Amino acid sequence: MAVLERRGLDTGIGPREVLAAADDHLMKAPPSIDSIAVASGLAGVFSGFKRPVLETARAECVDPIDLFLALGERQVVAGQEDLIADVARQLKAATR
C-alpha cells in the first residue's frame, strides 16, 4: 500500500489501518534492542541477518559480534546471506 501510494496510485487504504492490521496480525513480538542489534547497527549490516549470524557463529565457534563487524567491513547487504558462513569460516581460520 505504501509503495503504491508513493507512486501516485490511490489504494483507498489508509496507512493507519494497515499499520493497525500489521500490529494485530504480523508483529508477533515487539522489536528489542540487545548487544547483537547494536553490533548490527554499528557494522551497518541488515538487521535481518541476526538469526543466521547467531546460528552460524554458534556452528563455527566464532563471536557473533566479530562476525557482524567482519560482514560490515565487507559491506554485505540483504540478499548476500550466503556470505555469512564464508566470513565466519575466515574468522575462525584467522584465530587459529
What tally of residues in region 36-58 results from selecting those that are aliphatic (A, V, I, L, M) and under 15 Å from L83 (Cβ atoms)?
4
Condition met for A59 (exposed (fewer than 14 other Cβ atoms within 10 Å of the Cβ), at pLDDT below 95, outside any loop (DSSP other than H, G, I, E, B) and out of contact with any Pro (no Cβ under 7 Å at 6 or more places or on another chain))
no
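Here are V76, V53: which of them is outside any helix (DSSP H, G or I) and touching a residue at least 24 places away in the same chain (Cβ under 8 Å)?
Exactly one of V76, V53 is outside any helix (DSSP H, G or I) and touching a residue at least 24 places away in the same chain (Cβ under 8 Å), namely V76.
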Within region 1-8, identify whether any single residue is closer than 26 Å to E81 by Cα and either modelled with pLDDT of 85 or more or polar (S, T, N, Q) (or both), and answer yes or no.
no
Considering only region 56-96, state which residues are of a type outside the set (G, A, S) and on the phi > 0 side of the Ramachandran plot.
C61, Q75
Being of a type in the set (D, E), within 12 Å of the chain's Cα centre (by Cα) and not assigned by TED's automatic domain parsing to the domain that holds M1: is that true of E55 here?
no
Identify, from the list S40, S32, the residue that is within 30 Å of M1 (Cβ to Cβ) and surrounded by 15 or more Cβ atoms within 10 Å (Cβ to Cβ).
S40
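Kindly provide the set of residues from region 79-96 that are within 15 Å of V45 (Cβ to Cβ) and either more than 14 Å from the chain's Cα centre (by Cα) or in a helix (DSSP H, G or I) (or both), ordered by number.
Answer for region 79-96, where residues must be within 15 Å of V45 (Cβ to Cβ) and either more than 14 Å from the chain's Cα centre (by Cα) or in a helix (DSSP H, G or I) (or both): D82, L83, I84, A85, D86, V87, A88, L91.
The values are calculated or read from the model by the stated rules, or taken from the named source; none is laboratory data. Just so you know, these numbers come straight off a predicted model, no measurement behind them. Cβ: placed from backbone, ideal geometry, glycine included. Neighbour counts: every protein chain shown.
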